[in-house]
Amino acid sequence: MRRPVPRPVRITLALATLTACSGGARGVNDAALPDSRVDLGIDDAPDMSPDVVGDPATDPEPDALDPSPADFSDVANSLPSTPAGVQLTWLIGMVNASAAGTYQLTQEDYDAHFAKSFRNKLPLADFSNSLLISYESLAPMDVLGYEEDTATDGAMWAQVHSSGFSGWARVGTVLEAGTGLIVWVGVATSPDLDPAFGPLAANQIGLYPQAQYEAANVAGFVVEAVDRGTGSSFDPPITGTVDAKYRYVRLTLPPGTGEVGIKATHTDGQVNWNFGPHLKAGKDRQWVAVYPATAFPSYASSVGLTTVAGKAQVWGVVYWDRGLKPWSLDFDDQNVGCATIAADPALDRVYYASPPLPDASATSTPWNNPSWYAFNVEPVPHTFEVQATGGPLVPSPFPLAADAVTVIQMWYDSTIWPTNPTNEDCGH
């Protein structure tokens with residue numbers, strides 16, 4: 001039986017998404033891997049008075065506070081009284097109060113709300129000096145509602161307005177089965193809740209460009225929807241600039257448009273082409289990669305190669321699409337490990353990942369990272385074939401361009417492959 005991917009506790013700020021988990025669960029908007037489930041808020045904000053626990057002018061200093069377990073039930077009265085709702089109520093109230101200086105998180109409260117596995121990965125001092133400070137930057141938060149179609153007794157996303165962020169976000173948590181204690185927390189800024197954006201229209205696509213290889217701010221990067229088969233621009237061109245607040249951009253596609261490619265240009269001029277079945281109208285919060293010009297020369301040198309002018313560079317990933325709802329908190333693994341890649345025209349060599357670099361000794365995708373690389377490829381259309389348990393996956397040909405990085409996401413569809421096509425012995 002294949003185990004879920006173990007991952008360390010992560011604190012990710014570059015994408016305006018903050019996550020931490022105790023291992024096993026996959027984080028939200030992972031900076032290295034695409035995740036279609038999560039959105040990363042402003043304009044005419046509704047009249048809100050975000051609740052702050054306590055009044056800094058009248059409440060005692062933190063060292064004089066009552067150390068008994070804190071109750072913040074008045075902060076999030078729009079959340080249900082399920083175990084997940086109760087824990088989210090406490091979490092949001094605690095962050096608001098901590099930011100206001102009216103409460104200091106104690107070991108007693110930390111033990112009472114966070115699972116041992118979480119605390120082992122992130123002791124109180126580390127949590128208070130890192131993740132909590134990041135969350136406090138959102139405070140005060142006013143709870144508006146929650147994602148009803150994905151909420152369970154043990155997992156929930158709350159919809160919030162953040163005065164600290166001056167925008168909209170979602171705060172989520174997953175509880176440990178049996179104890180009901182927190183094993184995962186995450187924040188995803190959410191332009192779809194912002195009146196300036198609103199819900200995604202049926203003919204739009206919402207994108208989160210991610211700066212691969214570097215921790216760059218993607219605000220101001222230009223993206224363009226292109227023809228999936230040729231890589232050519234639409235007439236007129238469909239372009240957008242990444243928003244500074246959410247690091248997000250929407251593109252409106254012509255009626256009847258199916259899957260598209262996304263051309264994303266780094267500020268240093270490096271062109272990146274992104275392709276995959278998730279890039280089509282009606283899809284929101286879709287990840288696309290933006291590499292700088294320095295990335296692939298570095299990757300190539302790690303396996304003894306030098307990139308060649310006029311050739312294409314390729315990074316691919318192989319996933320299993322489980323058909324999850326957009327705000328699912330089911331983090332079971334979607335990676336496809338022990339897969340191999342072939343191409344027509346044939347490639348000189350495919351390199352598989354040993355994170356974070358390609359590994360010349362690897363012969364298939366690792367079980368915990370479904371990446372593969374190809375260097376100095378002829379800039380002509382290629383058909384790529386994935387071989388994994390259950391048979392091959394052969395998407396239609398992908399166009400490649402000279403001196404560009406092409407990012408290819410290849411997804412096994414769970415309606416055809418009902419189980420993850422990773423070999424059960426992969427990685428063991």
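The values are calculated or read from the model by the stated rules, or taken from the named source; none is laboratory data. Every value quoted in this text rests on a predicted model; they were computed, and no experiment measured them. Methodologically, a virtual Cβ is constructed for each residue, glycine included, from the backbone with ideal geometry; neighbour enumeration extends over all protein chains shown.
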Quiz prompt | Verdict on D111 being among the acidic types (D, E) and either surrounded by 23 or more Cβ atoms within 10 Å (Cβ to Cβ) or more than 24 Å from the chain's Cα centre (by Cα) (or both) | solution = yes
Exercise. Read through the list (1) crowded, with 17+ Cβ neighbours inside 10 Å; (2) within 25 Å of P140 (Cα to Cα), then give the number of the only condition that G198 fails.
Key: (1)
Quiz item: So which residues in region 121-161 are in a strand (DSSP E or B) and over 22 Å from P83 (Cα atoms), if there are any at all?
Solution: H161
Quiz item: Is it the case that G231 is in the same structural domain as D321 (by TED's automatic domain parsing), more than 20 Å from the chain's Cα centre (by Cα) and not in a strand (DSSP E or B)?
Solution: yes
